[in-house]
Amino acid sequence: MTTALQPFRVAEPRTVKEAIAARLDHTGSRFVAGGTDLLVNMRHGISSPDFLVDLSGVDQLAKIEDNGDGVTVGAGVTIATLARNAVIAARYHALAQAAEAIAGPGHRIMGTVGGNLCLDTRCIYYNQSEWWRSANAYCLKNRGDTCHVAPQGKRCHAAFAGDLAPALLALGAEIDIAGAQGIRRIPLSQLYVEDGKAHLTLADGELITAVHLPSSPPPSAYAKIRTRAAIDFPLAGVAVVLATFGASVVSLRLALTGTNSRPFLIAGTEAFAGRPVDEELLQEIDRLVQKQVQPMRTTLTSANYRRVAAASLARRLTAKLFAAGAA
C-alpha cells in the first residue's frame, strides 16, 4: 500500500554550484536525479522532504570523458547510458555488467550513477508502507527504537544493494564530492560506513559529481543473485578484478554488495599474489568471502544462503576470468 505524495516544491538548478546553494538554503531538502529510489520511499511515507533539488538539468554531471589518464563518469549519467557506452564495455567490463543488471529498462533510463552509489539501504522491515511500519512500531532506521533484525542490538542492519559500487570498488575508482567548501576527491571506499541508518559519509548539502576510473585496469566481471531474474535488487553481488601472469595471480580484488550495510572490498586477497589459480586457491577465496560477509535477516531469503551464494559467485567469477585470460 502506498500513499499519495505530500506537497513539495522543486528547484531546477543548471550548475553544481546552484544545486548546492539551493540544497543548503532549504533545511530538510533532498537532491533528486532519476528519483527511482527517493520517490518510492516518499510514496511509502519513509521520506517526506518538502523541497527537492532536481539535478537533471545540470549538464556537467551527464558526461563520460576519456581523458587519457582514465575515464571520468559524471554522476548524472544514466544507468542505461553507462551500460551501452563502448569504452566502458571494452575497458571496465564489470561496470558495464553491473549497469546492465540494475532493475529494469525503465529504471535504467531514469536512474543515475550518483543515485545508485547513494542508494538507500534496504530491509524487509523498512521498505514497507506507512501502515505496515506503523503497525510494527516502525524500526530503528525510521522513527522506531528497535532493529527488528537484531532486537538486542543498537545498530541498524539494513543492507546496501547498489550494483555499481562493488564494480567501482574493485576497479579502484575515486569520486569527486562537491559542497559548500568546494570539491574534494576520495577513494570510493571512503564514502561508506557499516551502519544501515547512516551508511554514507556525505556531509549535509554535499553531492557526488563524478567517478574517476583508472586508465588500464585488469580484466573484471560482475554477477549477482536475486529472487527474480530481472528488476530485483541483489541478494548478493560480487565484482572481481583479476590480473595474472601465466598461471599465477598478480593481483586479485573482490568487492561485494547486498550482504552488508555497505559495499566493501574483501580484505586479505593480496596474499594470493604469486599463487596458481587452482582449486585450492578457489576454495580459499570461498572461505575468505564467507568469513567477511555479514548478511542478516533483511530479506525473505536466508542469511546463510546469501553468504554461501556470495562466496560461490566470487569463486566462479575468479575461475572464469582466469580461464578467459588463459585462452
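The values are calculated or read from the model by the stated rules, or taken from the named source; none is laboratory data. These numbers come from a predicted model, not from an experiment. Note that we place each Cβ from the backbone using ideal geometry, even for glycine, and neighbour counts take in every protein chain shown.
Of note:
- Here Ser261 clears all of (1) surrounded by 15 or more Cβ atoms within 10 Å (Cβ to Cβ); (2) within 15 Å of Ser220 (Cβ to Cβ); (3) small (Gly, Ala, Ser); (4) modelled with pLDDT of 95 or more except the condition numbered (2).
- Residue within the range 305-316 that is among the aliphatic types (A, V, I, L, M), crowded, with 16+ Cβ neighbours inside 10 Å and not in a helix (DSSP H, G or I) present: no
- Within the range 308-319, one or more residues are out of contact with any Leu (no Cβ under 9 Å at 6 or more places or on another chain) and closer than 27 Å to Tyr126 by Cα.
- Pairs, first modelled with pLDDT under 95 in the range 28-45, second assigned to a helix (DSSP H, G or I), C-beta under 7 Å, six or more apart: His44/Glu130; Gly45/Glu130
- Top-ranked residue in the range 34-44 [being surrounded by 20 or more Cβ atoms within 10 Å (Cβ to Cβ) and part of a loop (DSSP other than H, G, I, E, B); ranked as farthest from the chain's Cα centre (by Cα)]: His44
- Selected residue (only one of Ser248, Ser261, Ser302, Ser216 is outside the structural domain of Gly28 (by TED's automatic domain parsing) and touching a Cys at 6+ places or on another chain (Cβ under 8 Å)): Ser261
- Residue list for the range 54-83, filter: farther than 25 Å from Leu38 by Cα and not polar (S, T, N, Q): Glu65, Asp66, Gly68, Asp69, Gly70, Val71
- Selection within the range 56-77 - surrounded by 21 or more Cβ atoms within 10 Å (Cβ to Cβ), within 19 Å of the chain's Cα centre (by Cα) and more than 24 Å from Ser216 (Cβ to Cβ): Leu61, Gly76
- Members of the range 192-234 found to be surrounded by fewer than 19 Cβ atoms within 10 Å (Cβ to Cβ), aliphatic (A, V, I, L, M), farther than 15 Å from Gly162 by Cα and touching a strand residue (DSSP E or B) at 6+ places or on another chain (Cβ under 9 Å), listed by number: Leu202, Ala203
- Test for Glu174: is it more than 28 Å from Ala89 (Cβ to Cβ) and either surrounded by fewer than 24 Cβ atoms within 10 Å (Cβ to Cβ) or modelled with pLDDT under 95 (or both): no
- Thr201 within 30 Å of Leu61 (Cβ to Cβ), without any contact (Cβ under 8 Å) to a residue 40 or more places away in the chain, β-branched (Val, Ile, Thr) and out of contact with any Lys or Arg (no Cβ under 6 Å at 6 or more places or on another chain): yes
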